[in-house]
């Protein structure tokens, strides 16, 4: 009976130990999800994937979708096996990407699935997704990789005190901080709009710096010359002082002169208004007038025949119809032309300098045409030959008769009434010149 009791207790002890071991084994297997089915997909990420702990969470829209099953390194990439719940995996499309984010500032990382909008289908066993490589995701990852070692180097107690102080400082300041952030956003938008101008200003500063760099030797020489000038001024300071004193005396004398004659200055200024207005009206013609006066010297040489075989004044004499005797209330000089002073272009070969836009309206009238010219003939007249040889023409009666005809045509008088002494006096000045009758 005693032996039976001992054997029974031993059997019960073995059974109890087996039950404990079995419970622990089942608990461990259950923790390791040995009895759980899942859909395994693979995530290709950069070396940051090595920082994920074992069984790290996999979330999508804040919901835990599964865990990280394993981590394997392949060169500069890391391949993570994501064990997802089969039911929840049906909500994950193939275009999904992933980010590796910390749960808190110092917390462990987890896989955050980025599910795109409007996608269809779902991942299957063995599918591969990739890390989100958009600009914001990469910048956040780099920032966390940079900040985390710094925060880990800070003693926790000091960091706790600092964060507590910051918490007390920011407590109740949410509205003010929000307004400040909004204002900062507006300022940032304005700065972004002005970025082209800022870039242009920076380029302008670069050009300015290059200009000064090129001009640096000249600036150094100028400063060196300024040093010499300054030394000269110092050496001549006594004379400069005397000059300033003399200038003061001159200024006082000028002031006295102005005080005595200021009335005359005012009167002259007032009386100069009308002449200045006339000059202002005529100013458009000043340029061409001075230019023509400058050309007058060369033209005068042609008039007097300078440099020719027979120098002397060349005269073109035009015989026009006489305007008759003076008539009162008709022949007084008048000016009806309303054209402002101007410069007319020189037109070669035309009757210049008569205005090209019509004669001046000076109140004169066109005289009636009396002599319309000689009657047309069938044959030209016979040529007239000189009555005396050319060697005897100078001072002869023929020369005097020819000059009498010229004087008569110019004055409108009869050739017989021209005194003989006028032809004798005028012969030397007109001898050798060309006279045209029209």
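Read-outs throughout are calculated quantities, based only on the coordinates presented, and are distinct from any laboratory measurement. Keep in mind it's a predicted model, so treat the numbers as computed, not measured. Every residue, glycine among them, receives a Cβ derived from its backbone with ideal geometry; neighbour counts consider all protein chains shown.
Values as computed for the structure displayed
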item: Per residue convex hull volume, Cα atoms of region 172-233, in Å³; result: 151 Å³
item: Burial ordering of 65, 236, fewest other beta-carbon atoms within 10 Å first; result: 236, 65
item: Cβ-derived FRET efficiency at R0 60 Å, residue 361 paired with residue 205, nearest 0.05; result: 0.40
item: Spin-label model distance (nm) - residue 5 vs residue 257, 7 Å beyond Cα toward Cβ; result: 15.2 nm
item: For region 252-296, diffusion coefficient by Stokes-Einstein and Kirkwood Rh (Cα), 20 °C, 1.002 mPa s, µm²/s; result: 162 µm²/s
item: Sorted by Cβ neighbour density within 10 Å, fewest at the top, the residues 411, 120; result: 120, 411
item: Protection proxy ranking of 302-313, 160-171 - average other beta-carbon atoms within 10 Å, highest first; result: 302-313, 160-171
item: Cα gyration tensor category, rounded, prolate or oblate, for region 264-343 with a/c compared to 1.5; result: oblate
item: Between region 257-325 and region 51-123, the Cα center-to-center distance that results, in Å; result: 100 Å
item: Neighbour-count ranking [beta-carbon atoms within 10 angstrom, fewest first] of 199, 301; result: 199, 301
item: Rounded if a/c under 1.5, otherwise prolate or oblate - region 214-284, Cα gyration tensor axes; result: oblate
item: Full-stretch length increase - residue 340, residue 87 - with 0.36 nm per residue and alpha-carbon distance subtracted; result: 81.1 nm
item: Modelled FRET efficiency - R0 56 Å, residue 249 with residue 274, Cβ distances, 0.05 increments; result: 0.90
item: Per-peptide average of other Cβ atoms within 10 Å, ordering 109-119, 287-297 highest first; result: 109-119, 287-297
item: Residue 318/residue 414 FRET efficiency (R0 22 Å; Cβ-Cβ; nearest 0.05); result: 0.65
item: Distance-filtered residues of region 202-218 - backbone nitrogen under 15 Å, label point 7 angstrom along residue 194 Cα→Cβ; result: 202
item: Prolate/oblate/rounded label for region 109-258 (Cα gyration tensor, a/c 1.5); result: prolate
